[in-house]
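Before any comments, here is the structure.
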Amino acid sequence: MDRQQYHQRLFIAATFWNLTFAIVFLTLSRIDLNYFLMFGLTIPNTLLWFDSFMGLVFAFGLGFYFVSKDMRENHGLIQIACFEKSWVFLVAVIWFRLGTASIWVLLFASVDLIFSLLFIEDLLAIRKLS
């Protein structure tokens with residue numbers, strides 16, 4: 001598989017991960033907040049921060065779709081995505097260590113860490129081609 005095809009598949013996979021995650025969690029929060037207790041999460045009485053976070057997850061998902069279209073463009077968005085994905089993992093590790101997030105949260109966040117590492121590798125490889 002050539003670099004362009006790899007790049008496109010990587011960012012399409014990230015698109016589906018983010019969009020699915022955001023839609024499922026936004027939908028579950030509207031049905032019953034007790035679903036989150038399964039994951040060891042307590043959502044505050046106000047959904048302001050949760051909705052804001054899921055909106056950003058969705059927005060990044062759309063951004064990944066745009067990045068997938070052309071590997072020569074949007075390098076800044078890839079850099080921001082590397083930070084965002086690493087940050088989500090770091091926050092999950094901290095909350096897990098504090099005992100306020102379950103192993104499930106850490107496992108979901110580990111997917112973001114994997115995407116972050118793959119994004120870094122892809123960006124470095126693209127820059128070598130230029």
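Every read-out reported here was derived from the displayed coordinates using simple, explicitly stated rules and does not represent laboratory data. Remember, predicted model here, so these are calculated numbers, not experimental data. Here the Cβ is made from the backbone with ideal geometry for all residues, glycine too, and neighbour counts use every protein chain on show.
The residue that is surrounded by the most Cβ atoms within 10 Å (Cβ to Cβ), among those in the stretch 1-25 that are hydroxyl-bearing (S, T, Y) and within 17 Å of the chain's Cα centre (by Cα), is T15. Taking first residues from the stretch 50-76 that are over 15 Å from N18 (Cβ atoms) and partners that are among the acidic types (D, E), the Cβ contacts under 8 Å between residues at least 6 apart in sequence or on separate chains come to M71/D122.
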